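Asks: Right, I'll just put the structure down here and ask away after.
The values are calculated or read from the model by the stated rules, or taken from the named source; none is laboratory data. Every value quoted in this text rests on a predicted model; they were computed, and no experiment measured them. Please note: Cβ atoms are built from the backbone with ideal geometry, for glycine as well, and neighbour counts cover all protein chains shown. For accessibility, only protein heavy atoms count, side chains too; no ligands or nucleic acids. Shrake-Rupley method; radii C 1.70, N 1.55, O 1.52, S 1.80 Å.
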Amino acid sequence: MGEATVRLDPAFTVGPVRPRTFGSFVEHMGRCVYTGIYEPEHPDADELGFRTDVAQLVRELGVTTVRYPGGNFVSNYRWEDGVGPKADRPTQLDLAWRSVETNQVGTDDFVDWARGVGVEPMMAVNLGTRGIQEAVELLLYCNAETGTSWPDRRAKNGHTEPHDIRVWCLGNEMDGPWQMGHKTAEEYARVAEEAARAMRRFDDTLELVACGSSNRGMPTFGTWERVVLERCFDLVDHISAHAYYEPVDGDVDSFLASGEDMHRFIESVVATADHVAAVKGSDKRIMVSFDEWNVWFQGRFDGENSLAIREAPELIEDVYDVTDAVVVGSLLITLLQHTDRVAMACQAQLVNVIAPIATRAGGGAWRQTIFHPFALTARYARGTVLRPAVVCDVVQTKAFGPVDQVVVTATHDEETGDLAVFVVNRSRTEATTLTLDVAAAVGGHDTAYALVEHLTLHDDDTSATNTEEHPDRVTPRPGDAAVAGSTLTATLPPTSWHCIRLSEGTVQ
Amino acid sequence: MGEATVRLDPAFTVGPVRPRTFGSFVEHMGRCVYTGIYEPEHPDADELGFRTDVAQLVRELGVTTVRYPGGNFVSNYRWEDGVGPKADRPTQLDLAWRSVETNQVGTDDFVDWARGVGVEPMMAVNLGTRGIQEAVELLLYCNAETGTSWPDRRAKNGHTEPHDIRVWCLGNEMDGPWQMGHKTAEEYARVAEEAARAMRRFDDTLELVACGSSNRGMPTFGTWERVVLERCFDLVDHISAHAYYEPVDGDVDSFLASGEDMHRFIESVVATADHVAAVKGSDKRIMVSFDEWNVWFQGRFDGENSLAIREAPELIEDVYDVTDAVVVGSLLITLLQHTDRVAMACQAQLVNVIAPIATRAGGGAWRQTIFHPFALTARYARGTVLRPAVVCDVVQTKAFGPVDQVVVTATHDEETGDLAVFVVNRSRTEATTLTLDVAAAVGGHDTAYALVEHLTLHDDDTSATNTEEHPDRVTPRPGDAAVAGSTLTATLPPTSWHCIRLSEGTVQ
Amino acid sequence: MGEATVRLDPAFTVGPVRPRTFGSFVEHMGRCVYTGIYEPEHPDADELGFRTDVAQLVRELGVTTVRYPGGNFVSNYRWEDGVGPKADRPTQLDLAWRSVETNQVGTDDFVDWARGVGVEPMMAVNLGTRGIQEAVELLLYCNAETGTSWPDRRAKNGHTEPHDIRVWCLGNEMDGPWQMGHKTAEEYARVAEEAARAMRRFDDTLELVACGSSNRGMPTFGTWERVVLERCFDLVDHISAHAYYEPVDGDVDSFLASGEDMHRFIESVVATADHVAAVKGSDKRIMVSFDEWNVWFQGRFDGENSLAIREAPELIEDVYDVTDAVVVGSLLITLLQHTDRVAMACQAQLVNVIAPIATRAGGGAWRQTIFHPFALTARYARGTVLRPAVVCDVVQTKAFGPVDQVVVTATHDEETGDLAVFVVNRSRTEATTLTLDVAAAVGGHDTAYALVEHLTLHDDDTSATNTEEHPDRVTPRPGDAAVAGSTLTATLPPTSWHCIRLSEGTVQ
């Protein structure tokens, strides 16, 4: 049994909790859209064809912003194919995933769905096979007041009011050779610059996201960001980062420490962005849009060229276990720890495709294990992210060397005084005792905190998963946290995630 | 009272007066087209919707060649939107000027108008958001004999005969980051090269204008021209130059000497073009197309992003005073002084938008102050431009150091023997006496000259302007030129422009 | 009378005879398509409008693979114009050849024709005025199973089954400034890379041909291939080479030795490709697609800009004589000699335009002189290409210095045991005796060879040609080859081509 001591003080802060940290991602890929969020034949479908059972889970998940429609898909997507009367929409072959795309869901439909479930749509334009003009046309279709051709077409398609989409991705993973119309850094920097300039000419208040690296291991990593930002610094607000994690060659210790990679990724991108700012003599701070992240067993995927051409195929529908859920919980902790520079993040994806929500066509919808840490973090992280002082044992990992056994973040809601503490024990073998200095949390003020709840995701069988038949096999359960005087203590079993909530009150 | 002595000799020439020096510019911007040249609801509209009162002023102005349809507008223009039945033309949002473009005037309409008022249309292709193919298609639409798709479409739209447009601009101000689809020098050089080659494949006798710099202060000035011409030298005839002048920080002295900047601009572009010729071992001489120039109070313009989205907005409708007219007159003198290398020039723009002609929607049309020096120069500059020898006082300027107080050019019509002398006194404070050596003008021949007319643009109130109510507040008036023996003398008040005409006769 | 000794041994081989070595080329140019293969008004036209007399000659010629639709034509071609109901197809102006293109023949029609005459279609995409997306769309139109938009359009146009075209050219002669949308090496390398990647995403088994140099004299020769392959090495199978030969300044000696140039061309491209392989540490071998080659009197062609705009004009309809036929025969020998690295070759073009088959509109179709060496080589070259040992006199040439008087290749059909020997005497003045060591040919085995036939193309009048009236003026005639013991002897007159066939049997 190890020991971990955590001190909190509301005076030591990182930055605000940003709602967009809890974003997700709907790509036209596999069964994310079709038989995922959309299945008009389903008994629970609404009048637009969207599954209400899935929508209910999306609301429960607490997703805020949803990126759409890709992903690799967008780089060969003609958005015009997906608007207008459904019967007139062409069926196309999407080469990103070698899938038959019926276009029964498109821009307007997605926005309808997003508004219905209360999430903010975040749109990506195709800078793969298309360019500036088409990007502008989509923007005008979505956001312009009626009176000219493109918004009039939107109105004719049933949406008189502009969709008013605020966040736009300038393409997707353009650094990746797998991308249709992949670009060199210089090429991408130029097309992003010109597309951004044209889009800003219509609306200078848009938030624009330039493509960063598809992962930290790309051969162009770092250089790509520098070259892109040298061109686009004044024109974009965010630069994207994507990362997927899995146990490599069975190395679960390193897998549990995936947050270290995400941390270094963010730090590197921030350093690059601030370098460009320094060269330009600018005080502007480019933010990170970590708009694809998750656990993904890529080793199980044989590559796009291996895929048969099908409609809504079962594509990378990874089934997550307890370890995966703990890793997802720890990645959210990492994102919150960087809330000063990470403006948004999108777990990829929302339904079926490496997703927290699983469905069966014509059947049920259920929560995967990873649903729970996301939902609880999204629900209870409020106010300001605090910077805790942690003293704990270390775990040896092959990928990152020695790392802290315990990772922790906490948020403090100035209005209610509520504290939420999120903790992961990254050891596969060692439990540890958490000692949280609650007195420090109150910073010497008279206010004190009372324990509200301690929920934990943990299971003696770390390979346990949820299924349609047993959807609650893995679910949060009460932990043993207790407050004595000014000290909260709790047991953190191996491979466990925790949400500990405190409210203002008297120190017990 | 200063003194200025000018000697003229028809043997000392610069080059021919080129009709295209008196070009203008109609851009789809502000009210240049709509409620400018075109207003079908106006009582004076002809059957095509063009205002006959404006047309009459255009004829009087003596405009020869009119560039169309932009300007920044062209770089996001789909010319197909502007042809065919007017009821079927889409309304688009032009991002160059954030204006609602109804497309009620397009290529065919403009050509109709141009032929009606007796001017030559000069067409620009969109190399911003579009490329080679669309440029070729517009060319075929305009100039091909019927028998294939594009010219057949023109015929179907009522124009069986080709428009036979001789001068084509390969895009507009592609060096400017404000331009939709702005290019680096290398990028532009390549697209211009390939577009030019394709267009010449259709018609090798076209005159093609490559984009030069948007102004002499561009960071890429000079290098841009070199890079572009290294690629396009054999494929283009002209390279463009654009310049707008205004008093910077109230510095009227420098403003009156704006011709110095234009002079240095032309010299620099010529040097660059001839450098490329030297490297290529070519005797070809690339000519300057000064296809945007004027007085423009840019300081009063808050930038495109500040503009509200409107249809035919009142956009940069500068009202010109006497000083502005004198500057315009002096710029025309500079252009004539470089007639050996300036093949054409377009005052920008023709109506309402920083224009010599002003209109009120539903109301009148009148001459701004700058109308007059343009009209008189265009009317009387004939034959060959002479190279005068000038001795005069200097004016100190902040921008250019000491400059000649008096600038002068003269033209000599070999057929009629007529001489036209254009003079500006650039001093704000000092009048000067002009002594013109008329004997020298006849170069020792028996022929002598008689004074025909001395017109001057001047006013004790240099801020006087013309309005719809007082359209002739500022208008040319007779000067005091007189000939005694072989000597013409005239008084040049401060800030004054002069046109002195002599005809063959006996020296008085 | 010179002497030439040739030893053959089936153990010494170059590689397999590749059927695609005997490819040809149908471009929408001149009268190759219209009044060439297609002439619906012709008495011999079939129900699709194709001339059956021409088709019969194509079958006799033994053509295997036919490249389509260009050539320079493809680089400004919109393939969509050529599919669907013929009455709806637009007439366009092709700028490559300044020709009126009626689009009455297009992709589906060509494939129909190709299947009818038993040749494999080889398709080129437009990377001049178009890009990745249109290339993919054409690929899907041709090769995808129905169920999505593009193949469904093909089905609607009467072709439910995919065309299943295996070989695709990534543009045409993109290194040539005459090409619409010509590219620099870097530009082409990038667009070819991305187009190839997108096309392979649909079908990784396609054979893709990157553009190499338009001829060995291009200023970018060698560098172009290196730059293109550095980008596209893993994505393409072949790199193209184009070469046309003619007597330069009347130098027939060098003309007869044109195979030397082709040989050096192939060797240079192979060296470049293998250099890139070495740098990449790859064992992959890029093959040469010599997809345009022939005798062409380019000196008689005044350039594209000189052409009048016409429909199906008589364009470069060179009439070939005996010397030309001998050169064509020798070039086929060169191609076979390089069968280890030349995967395909296309004589350019098939009908009328520098072609083996000539037609008269409404009239006959006949074999030009060059038809014969092609037809006989295509018919009898079978099995494995042998590497002969040749000892012979030399001919002095201006272009290549001293070259072997006699060039020879031989093929050995392992199944039938047949040997075919192709020989050219490249001397304009000297006959030579060929001594073929037949014993060596059997490599010490018991098998021996009997003479089957000796055909020769030769005429005392080397300027003799075929015409519609005298279509067999120049035609293969028996030679004097005879076998005595293990030795075959034959006379090779000056400027003569020979096909000598031997079958298994007893040495006579």
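Asks: Rounded to the nearest 20 Debye, what is the dipole magnitude of the range B:182-324 about its Cα centre when Lys and Arg each give +1 and Asp and Glu each give -1 at the C-beta?
Replies: I would put it at about 860 debye.
Asks: Also, quick follow-up: Rank these by accessible area, largest first, 1.4 Å probe: C:R428, A:R216, B:R231, C:R190.
Replies: Ranking C:R428, A:R216, B:R231, C:R190 by accessible area, largest first, yields C:R428, B:R231, A:R216, C:R190.
Asks: Moving on to the next point. With the contact rule set at Cα under 8 Å and sequence spacing of 6 or more, what percent relative contact order holds for chain B?
Replies: The normalised contact order for chain B reaches 20 percent.
Asks: Turning to a different aspect of this structure: Please compute the average number of Cβ atoms from other chains found within 10 Å of each residue's Cβ in peptide A:197-205.
Replies: Mean partner shielding for this stretch: 5.
Asks: Here's something else I'd like to know. Quantify how strongly other chains surround peptide B:307-316 by giving the mean number of their Cβ atoms within 10 Å of each of its Cβ atoms.
Replies: Taking the mean over all residues of the peptide, I get 1.
Asks: Also, I was wondering about something else. In the calculated pair distance distribution of the range A:1-120, what percentage of Cα-Cα distances lie above 19 Å?
Replies: 54
Asks: Which value, in debye to the nearest 20, gives the size of the charge dipole of the range B:337-492 about its Cα centre, when Lys and Arg are +1 and Asp and Glu are -1 at the Cβ?
Replies: So the magnitude is around 540 debye.
Asks: Describe numerically, in nm with one decimal, the distance between label points set 7 Å from Cα along Cα→Cβ at C:T475 and at C:D164.
Replies: 3.8
Asks: Which of C:V252, C:V227, C:N215 sits closest to the plus end of the dipole of the range C:213-258, meaning its Cα is farthest towards the positive end, when Lys and Arg get +1 and Asp and Glu get -1 on the C-beta?
Replies: Of the options given, the answer is C:V227.
Asks: Using a label point 7 Å beyond Cα on the Cα-Cβ vector, give me the inter-copy distances for C:Y244 in nanometres, one decimal, shortest first.
Replies: When each copy's label point is compared with this one, the spacings are 5.1, 5.1 nm.
Asks: Using just the helices of chain A, give the 222 nm mean residue ellipticity in deg cm²/dmol: DSSP H runs with n ≥ 4 each add -39,500 (n - 2.57), and the total is spread over all residues, rounded to 500.
Replies: So the calculated ellipticity at 222 nm is -7500 deg cm²/dmol.
Asks: In addition: At 7 angstrom along the Cα-to-beta-carbon line, where would the label on A:S463 sit relative to the other copies? Give the distances in nm, shortest first.
Replies: The projected label point of A:S463 is separated from its counterparts by 8.9, 9.0 nm.
Asks: I'd like the FRET efficiency for A:D274 and B:E314, computed as 1/(1 + (r/R0)^6) with the beta carbon distance as r and R0 of 51 Å, rounded to 0.05.
Replies: Calculated transfer efficiency: 0.70.
Asks: Quick one: which residues, 5+ away or cross-chain, put their amide H under 5 Å from the amide H of A:G171? H built at 1.01 Å from N.
Replies: A:V125, A:L127
Asks: Let me ask another. Chains C and B: how much accessible area gets covered up at their contact, both sides added, probe 1.4 Å, in Å² to the nearest hundred?
Replies: 1600
Asks: About the Cα centre, and with charges only on the beta carbon of Lys, Arg (+1) and Asp, Glu (-1), how big is the dipole of the protein assembly as shown? Nearest 20 debye, please.
Replies: It works out to roughly 940 debye.
Asks: Can you list the residues, at least 5 places off or on another chain, whose amide H is less than 5 Å from the amide H of C:E292, using H built in the peptide plane?
Replies: HN-HN under 5 Å from C:E292: C:A241, C:A243, C:C346.
Asks: Further question: For A:D251 paired with A:T487, estimate the spin-label separation in nm (one decimal), with each label point 7 Å from Cα along the Cα-to-Cβ line.
Replies: 3.8
Asks: Whole-Hz ³J(HN,Hα) for each residue in the range A:118-127, computed from phi via Karplus 6.51 cos²θ - 1.76 cosθ + 1.60 with θ = phi - 60°, x for glycine and proline: what do you get?
Replies: Listing the rounded values in order: x, 10, 8, x, 10, 10, 10, 9, 7, 10 Hz.
Asks: Right, next: According to the square roots a ≥ b ≥ c of the eigenvalues of the Cα gyration tensor, what is the shape class of the range A:213-353, taking rounded for a/c under 1.5, prolate for a/b larger than b/c otherwise, and oblate for the remainder?
Replies: Since a/c reaches 1.5 and a/b is larger than b/c, the shape of the range A:213-353 is classed as prolate.
Asks: Checking the a/c ratio against 1.5 first, then a/b against b/c, what shape does the Cα gyration tensor give for the range C:57-207?
Replies: Because its axes are fairly even, with a/c under 1.5, the range C:57-207 counts as rounded.
Asks: On to the next question. Would you kindly derive the ³J(HN,Hα) couplings of the range A:415-424 from the backbone phi angles with the Karplus curve 6.51 cos²θ - 1.76 cosθ + 1.60 (θ = phi - 60°), listing them in order in whole Hz, with x for Gly and Pro?
Replies: Each residue of the range A:415-424 in turn: 6, 9, x, 5, 10, 10, 10, 10, 9, 10 Hz.
Asks: Take the Cβ-Cβ distance between C:R360 and C:D460 as r, set R0 to 22 Å, and report the resulting FRET efficiency rounded to the nearest 0.05.
Replies: After rounding, the FRET efficiency stands at 0.20.
Asks: Hey, another quick one. How crowded by other chains is B:143-149, given as the mean number of beta carbons from other chains within 10 Å of each beta carbon?
Replies: That average works out to 4.
Asks: Taking the Cα atoms of the protein assembly as shown, what is the range of coordinates along each of the three principal axes, in descending order and whole Å?
Replies: 120, 116, 52
Asks: Peptides A:57-70, C:67-80: what's the order by average Cβ count within 10 Å, highest mean first?
Replies: Result, highest mean first: C:67-80, A:57-70.
Asks: Could I ask something else about it? Taking just the alpha carbons, could you work out the radius of gyration and Dmax for the range B:160-258, both in angstroms?
Replies: Rg then Dmax for the range B:160-258, in Å: 16.1, 54.
Asks: Okay, next question. Averaged per residue, what accessible surface does chain A expose to a 1.4 Å probe, in Å²?
Replies: On a per-residue basis, chain A sits at 33 Å².
Asks: Output, in nm with one decimal and in ascending order, the distances from the C:L307 label point to the matching label points of the other copies (7 Å from Cα along Cα-to-Cβ).
Replies: Label-point distances to the other copies, shortest first: 4.3, 4.3 nm.
Asks: Using a 1.4 angstrom probe with every protein chain in place, what is the largest-first accessible-area order of B:K183, A:K280?
Replies: Sorted by accessible area, descending: A:K280, B:K183.
Asks: Answer with one residue from A:F265, A:A243, A:A325: the one whose Cα lies farthest towards the positive end of the charge dipole of the range A:215-349, charges on Cβ with Lys, Arg +1 and Asp, Glu -1.
Replies: Comparing the listed Cα positions along the dipole, A:F265 ranks first.
Asks: If you don't mind, another one. Residue by residue through the range A:281-296, what is 3J(HN,Hα) from phi via Karplus (6.51 cos²θ - 1.76 cosθ + 1.60, θ = phi - 60°)? Round to whole Hz and write x for glycine and proline.
Replies: Result, ordered by residue: x, 10, 8, 4, 10, 6, 9, 8, 9, 7, 8, 8, 7, 3, 7, 9 Hz.
Asks: With label points built 7 Å along Cα→Cβ from the Cα atoms of A:D88 and C:T205, find their separation and express it in nm.
Replies: Once both label points are built, they end up 3.9 nm from each other.
Asks: Once amide H atoms are placed 1.01 Å from N in the peptide plane, what residues at a sequence separation of 5 or more from B:F50, or on another chain, have their amide H within under 5 Å of its amide H?
Replies: B:E39
Asks: Is the range C:216-298 best put as rounded, prolate or oblate by its Cα gyration tensor, with a ≥ b ≥ c the root eigenvalues, rounded for a/c under 1.5, and otherwise prolate when a/b is larger than b/c, oblate when not?
Replies: prolate
Asks: Calculate the FRET efficiency for B:T416 and B:K156 from the Cβ-Cβ distance with a Förster distance of 56 Å, rounded to the nearest 0.05.
Replies: Step by step, r from the Cβ atoms, then E = 0.75.
Asks: Then there is this: Among the helices of chain C (complete DSSP H runs), which have Cα atoms covering no less than 24 Å along the helix axis and a Kyte-Doolittle mean of at least 0.0?
Replies: Qualifying helices: C:258-280.
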